[in-house]
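All of the numbers you see were taken from the coordinates with simple rules; none came from a lab. Quick caveat: nothing in here was measured; it's all calculated off a predicted structure. Glycine gets a Cβ as well: all are built from the backbone with ideal geometry, and neighbour counts include every protein chain shown.
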Ligand code: GLU
């Protein structure tokens, strides 16, 4: 009975955190304030005829962008209004403005970690911004502009957890991550002593952590810090990051013109202060000071 009550309390706490209601005594749950976000100047004269993706968007009249909807401060969707917000969403918006499309017209589509390559290959989306690590295996299927941010794999546990302080403590522990993600693959190859559990999204993993179905959630610190900041009385991030996850903007592999135009856009918004301002209004709310963006890798087509 005690366990049932505790589980119920935790589920209610999570719901309160997710809906932004907060409980009395808990810190207010902040989201990006519209007045803190940069306003991106739309480059109305912009043309990119060499990019089939851009041409298709021009005919359509707006961009279709893939994103995450359940990652606080990075990419999250307000269930009441359907509006997306977060650092990745701001990156998507600044790119849109540079490509000549008003960011307000972006049609966001939620795509999970396992479905990103297919969505880009099928032309379901024009580009993807959602904690998407650049690596050689993925580069065989899609192109990557950027990187625009450097994250690292980490661990989220319940606040009262004493045994798990880093990846070396995972033997026999149930650890949840998203199917098709690099953290899942790393746990599989480098920490086979852990009992791996996979779901489509990290939000389901966090539900499972709060209800004692798993002992830890592992993915990028940028994602975990968001969950921890939303439910600080229940959750904490432990240890130091144990991988390098350079985030890229996914594009169709053969569309080099689009990839390089997005590289230009990122460089321009990093130089004019938009990047830092967007960070401060989103992921910066999780308490981590703004890092410097990593160097953009304009790799040759091939
Ligand atoms: N950055 C990692 C990846 O691209 C984990 C986060 C995610 O699943 O989006 O797989």
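Kirkwood analysis of the Cα pair distances in the range 82-160 returns a hydrodynamic radius of 14.4 Å. In this simple spin-label model, placing a label point 7 Å from the Cα along the Cα-to-Cβ direction at both residue 292 and residue 135 gives a separation of 2.7 nm.
Using just the helices of the chain, give the 222 nm mean residue ellipticity in deg cm²/dmol: DSSP H runs with n ≥ 4 each add -39,500 (n - 2.57), and the total is spread over all residues, rounded to 500. Don't jump to the answer; show the numbers that get you there.
Numbers: 10 runs with 101 residues, N = 302.
Taken over the chain, the calculation gives -10000 deg cm²/dmol.
Under the simplified labelling scheme, the residue 43-residue 114 pair shows an inter-label distance of 3.8 nm, with each label point 7 Å from Cα along Cα→Cβ. Using only alpha-carbon positions in the range 217-301, the gyration tensor eigenvalues give semi-axes of 29, 16, 11 Å once each is multiplied by 5 and square-rooted (largest first).
Could you work out Rg/(2.2 N^0.38 Å) for the chain, with Rg from alpha carbons only? The partial results should precede the final answer.
Details: Rg = 19.3 Å, N = 302, 2.2 N^0.38 = 19.3 Å.
Compared with the compact-globule rule of thumb, the chain sits at 1.00.
With neighbours defined as other Cβ atoms within 10 Å of a residue's Cβ, the residues 136, 221 order from fewest to most as 136, 221. Note on residue 163 and residue 121: their simple-model spin labels are 4.0 nm apart, each label 7 Å out from Cα toward Cβ.
When both the range 87-110 and the range 213-251 are represented by their alpha-carbon centers, they are found 24 Å apart. Looking at the chain, the DSSP beta bridges with both ends there are about 60 percent antiparallel. Distances between every pair of Cα atoms in the range 145-302, grouped in 5 Å steps from 0 to the bin holding the largest one, split as 2, 9, 16, 19, 16, 14, 11, 8, 4, 1, 0 percent.
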